[in-house]
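Working notes, beginning with the structure itself.
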Amino acid sequence: MTLSISRRSVALGLAATPLVGATARAELVVSLDRANFQPLPIAIPDLQGEGDLGARVAAVIANDLQRSGVFAPIDKRAFIDKAVSPDVMPQFDSWRAINAQALVTGRVQRDSARMHAEFRLWDVSSGEQATGQQYTTDANNWRRVAHLIADAIYSRITGAGGFFDSRVVYVDETGPKQARRKRLALMDQDGANVRYLTEGNELVVTPRFSPTSQEVTYMAFAPNGDASVRLLNIETGQREIVGNFPGMTFSPRFSPDGERVVMSLEQSGNANIYTMDLRSRATTRLTDTSAIDTSPSYSPDGTQIVFESDRGGAQQLYVMGANGGPAKRISFGQGHYSTPVWSPKGDYIAFTRQTANSFGIGVMKPDGSGERILTEGFHNEGPTWAPNGRYLMFFRDQGGAKIFMADVTGRVDVAVPTPSFGSDPAWSPLLA
């Protein structure tokens, strides 16, 4: 059997193979965009294994699936079958009796410092296996294996790409409001495994992930106020100053190929969009106006850039070619539009819209049509896309910033736990 191992998986010593017996005949499919959508009832018993490891893996899987808004994990106290062996066919009548439409079985085992995990997803109605997978990895990666299993289940049932096996970089905020200490922090998409990437001796803002590597670009302000664009390799810890620019610099973001950074530079009272080639350090000016042009974001194919500008008298969203040139306004609703970011699928642009009384996180198509506000509140800001283009994270400031997750339908609006205040989230690509 051929192993499917990514470069990232090799680094973690993780191998995944399809579980023999998987069949494509099961009809367990959920349409995410139907109007009368209801979450799918799914039973996730503890995986068999040593100690409480199987229970911990099952809990992470259930948490992932429930937070997606697509699944409704059934309370284990309702289970008729209390011990579920992955080696025998489930007693489907007992799962139908509690209205489970899907069932997950599996096991986790430790062998020295290694962990072996497997799972099967069952269509309870048809009594057929929908998918199955097995994993071998370092025992410390048990949470990541749980995320991979949740991704496999989510993708099999929805037909959409997974997003649980990913990370988020954000700005951790501690201290009084007037003197906040801000550090870059990294966490799993569910808020677990937080670690700090900077020490807090410099103000850091607007971190952004590279779409092609585990690198982050961000703005850093030294105690004397000098600003610089930084690069940080999360795997090696290597730090690099992209450039120190006269005036203020805003919102650096990678190009889709990871070879350039696009940003806004303010000089003489106005701001324009520039790109910098990360190899040659050559900069190219893309806009030349007396307005404030900022928050640029590439389309996933790299041919266009969306940005915000007050060139029409108020902050609105504009789209131009990746090499500059004429810009077309795409936002026309009430209020001010800011922080646009293009979906990795290319179908939507997310944004923040400020009106007199509230801040909303919304999406629109790249031509400006189909605008929808997904969530609205006192101060919502800074959307970032999940790798599958169906979910967004943003921060909500209500006396202190906290990170939340929403989906493109507006059905999901859940908090992402962080140890202290958190803002400016940026979602990574899938790790595997």
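The values are calculated or read from the model by the stated rules, or taken from the named source; none is laboratory data. This is a predicted model, so every value here is computed, not measured. Because the Cβ atoms are built from the backbone with ideal geometry, glycine has one as well, and the counts that use them run over all protein chains shown.
If you go through segment 214-226 one residue at a time, do you hit one that is small (Gly, Ala, Ser), in the same structural domain as Ser343 (by TED's automatic domain parsing) and touching a Pro at 6+ places or on another chain (Cβ under 7 Å)?
First, the residues of segment 214-226 that are small (Gly, Ala, Ser): 220, 222, 225.
Next cut, in the same structural domain as Ser343 (by TED's automatic domain parsing) only: 220, 222, 225.
With touching a Pro at 6+ places or on another chain (Cβ under 7 Å) added as a condition, the list becomes none.
Among the residues of segment 214-226, not one is small (Gly, Ala, Ser), in the same structural domain as Ser343 (by TED's automatic domain parsing) and touching a Pro at 6+ places or on another chain (Cβ under 7 Å), which makes the answer no.
Please determine, by comparing only the residues of segment 197-249 that are aromatic (Phe, Trp, Tyr) and more than 18 Å from the chain's Cα centre (by Cα), which one is farthest from Gly175 (Cα to Cα). Spell out the reasoning first.
To start, the set of residues in segment 197-249 that are aromatic (Phe, Trp, Tyr) comprises 209, 218, 221, 245.
Those still in the list that are more than 18 Å from the chain's Cα centre (by Cα) too: 221, 245.
On the way: Phe221: 18, Phe245: 29 Å.
Of everything passing the filter in segment 197-249, Phe245 is farthest from Gly175 (Cα to Cα).
Quick one: in segment 255-301, of everything that is in contact with a Ser or Thr (Cβ under 6 Å, 6 or more places away or on another chain) and not in a strand (DSSP E or B), which residue is farthest from Gly313 (Cα to Cα)?
So, considering only residues that are in contact with a Ser or Thr (Cβ under 6 Å, 6 or more places away or on another chain) and not in a strand (DSSP E or B), the one farthest from Gly313 (Cα to Cα) is Gly258.
Search segment 304-324 for residues being within 15 Å of Arg253 (Cα to Cα) and in contact with a Gly (Cβ under 9 Å, 6 or more places away or on another chain), and hand back the single one that is surrounded by the most Cβ atoms within 10 Å (Cβ to Cβ).
Our first condition is that a residue be within 15 Å of Arg253 (Cα to Cα); within segment 304-324, this holds for 304-308, 322.
Applying the additional criterion that residues be in contact with a Gly (Cβ under 9 Å, 6 or more places away or on another chain) yields 304-305, 322.
Details: Gln304: 17, Ile305: 26, Ala322: 19.
Step by step, filter segment 304-324, then rank; the result is Ile305.
Which of the residues spanning segment 82-106 are among the basic types (Lys, Arg) and modelled with pLDDT of 95 or more? Walk me through how you get there before you give the answer.
Quick first cut of segment 82-106, residues among the basic types (Lys, Arg) only: 82, 96.
Scanning segment 82-106 gives a single hit, Arg96.
Residues of segment 302-311 being in a loop (DSSP other than H, G, I, E, B) and at pLDDT 95 or above, which ones?
Narrowing segment 302-311 to residues in a loop (DSSP other than H, G, I, E, B): 302-303, 310-311.
Correct list: Gly302, Thr303.
Yes/no per residue for (1) within 18 Å of the chain's Cα centre (by Cα); (2) of a type outside the set (S, T, N, Q); (3) assigned to a helix (DSSP H, G or I):
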residue: Ala100; (1), (2), (3): no, yes, no
residue: Val104; (1), (2), (3): no, yes, no
residue: Ala117; (1), (2), (3): no, yes, no
residue: Arg120; (1), (2), (3): no, yes, no
residue: Val145; (1), (2), (3): yes, yes, yes
residue: Phe164; (1), (2), (3): yes, yes, no
residue: Val169; (1), (2), (3): yes, yes, no
residue: Met187; (1), (2), (3): yes, yes, no
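When segment 49-65 is examined, which residues are found to be touching a residue at least 12 places away in the same chain (Cβ under 8 Å), surrounded by fewer than 23 Cβ atoms within 10 Å (Cβ to Cβ) and either in contact with a Pro (Cβ under 6 Å, 6 or more places away or on another chain) or among the charged types (D, E, K, R) (or both)?
Glu50, Arg56, Ala62
Please pick out the residue among Asn272, Asn244 that is of a type outside the set (A, V, I, L, M), surrounded by 15 or more Cβ atoms within 10 Å (Cβ to Cβ) and free of Cβ contacts under 8 Å to residues at least 24 places away in the same chain. Step through it out loud before you land on a result.
Working: Asn244 fails: surrounded by 15 or more Cβ atoms within 10 Å (Cβ to Cβ).
Asn272 is the lone residue from the list that is of a type outside the set (A, V, I, L, M), surrounded by 15 or more Cβ atoms within 10 Å (Cβ to Cβ) and free of Cβ contacts under 8 Å to residues at least 24 places away in the same chain.
Given the conditions (1) surrounded by 16 or more Cβ atoms within 10 Å (Cβ to Cβ); (2) under 24 Å from Thr174 (Cα atoms), report the number of the one that Gln398 does not fulfil.
(1)
For a quick check of your reading of the model, give me the residue pairs whose first member lies in segment 174-196 and is modelled with pLDDT of 95 or more and among the β-branched types (Val, Ile, Thr), whose second is part of a strand (DSSP E or B) and buried (at least 19 other Cβ atoms within 10 Å of the Cβ), with beta-carbon atoms closer than 9 Å and at least 6 apart or on different chains.
Once the first residue is modelled with pLDDT of 95 or more and among the β-branched types (Val, Ile, Thr) and sits in segment 174-196, its partners that are part of a strand (DSSP E or B) and buried (at least 19 other Cβ atoms within 10 Å of the Cβ) give Val194/Asp172; Val194/Ala185; Val194/Leu186; Val194/Met187; Val194/Asp188.
Could you pull out the residue among Leu65, Leu53 that is in contact with a Phe, Trp or Tyr (Cβ under 7 Å, 6 or more places away or on another chain) and either outside the structural domain of Met115 (by TED's automatic domain parsing) or within 15 Å of Val108 (Cβ to Cβ) (or both)?
Leu53
With respect to Thr131, determine if the residue is part of a strand (DSSP E or B) and either of a type in the set (A, V, I, L, M, F, W, C) or closer than 28 Å to Asp33 by Cα (or both). First the steps, then the outcome.
Working: part of a strand (DSSP E or B): yes; either of a type in the set (A, V, I, L, M, F, W, C) or closer than 28 Å to Asp33 by Cα (or both): yes.
Judged against the criteria, Thr131 is a match.
Across segment 209-231, what is the total count of residues that are part of a loop (DSSP other than H, G, I, E, B) and under 26 Å from Leu430 (Cβ atoms)? I'd like the intermediate steps shown before the answer.
Going residue by residue through segment 209-231, those that are part of a loop (DSSP other than H, G, I, E, B) are 210-214, 222-226.
This time we only want the ones that are under 26 Å from Leu430 (Cβ atoms), so: 210-214.
Adding up the residues that qualify gives 5.
Got a sec? Which of Ser112, Ser126, Ser85, Ser94 is in contact with an Asp or Glu (Cβ under 8 Å, 6 or more places away or on another chain), among the hydroxyl-bearing types (Ser, Thr, Tyr), surrounded by fewer than 15 Cβ atoms within 10 Å (Cβ to Cβ) and farther than 30 Å from Asp413 by Cβ? Spell out the reasoning first.
On the way: Ser112 fails: in contact with an Asp or Glu (Cβ under 8 Å, 6 or more places away or on another chain); Ser85 fails: in contact with an Asp or Glu (Cβ under 8 Å, 6 or more places away or on another chain); Ser94 fails: surrounded by fewer than 15 Cβ atoms within 10 Å (Cβ to Cβ).
After applying the criteria, what remains is Ser126.
Which of the residues that make up segment 334-383 are polar (S, T, N, Q) and either in contact (Cβ under 8 Å) with a residue 60 or more places away in the chain or within 19 Å of Arg311 (Cα to Cα) (or both)? First the steps, then the outcome.
Looking only at segment 334-383, we keep the residues that are polar (S, T, N, Q), and these are 334, 338-339, 343, 352, 354-355, 357-358, 369, 375, 380.
Matches in segment 334-383: Gln334, Ser338, Thr339, Thr352, Gln354, Thr355.
Scan segment 184-209 residue by residue and report those that are surrounded by 20 or more Cβ atoms within 10 Å (Cβ to Cβ) and closer than 14 Å to Ser423 by Cβ.
Leu184, Ala185, Met187, Val204, Thr206, Pro207, Arg208
Given the structure, is Ala327 surrounded by fewer than 16 Cβ atoms within 10 Å (Cβ to Cβ), touching a residue at least 12 places away in the same chain (Cβ under 8 Å) and under 30 Å from Ser358 (Cβ atoms)? Outline the logic, then answer.
Values: surrounded by fewer than 16 Cβ atoms within 10 Å (Cβ to Cβ): no; touching a residue at least 12 places away in the same chain (Cβ under 8 Å): yes; under 30 Å from Ser358 (Cβ atoms): yes.
Taking the combined requirement at face value, the residue does not satisfy it.
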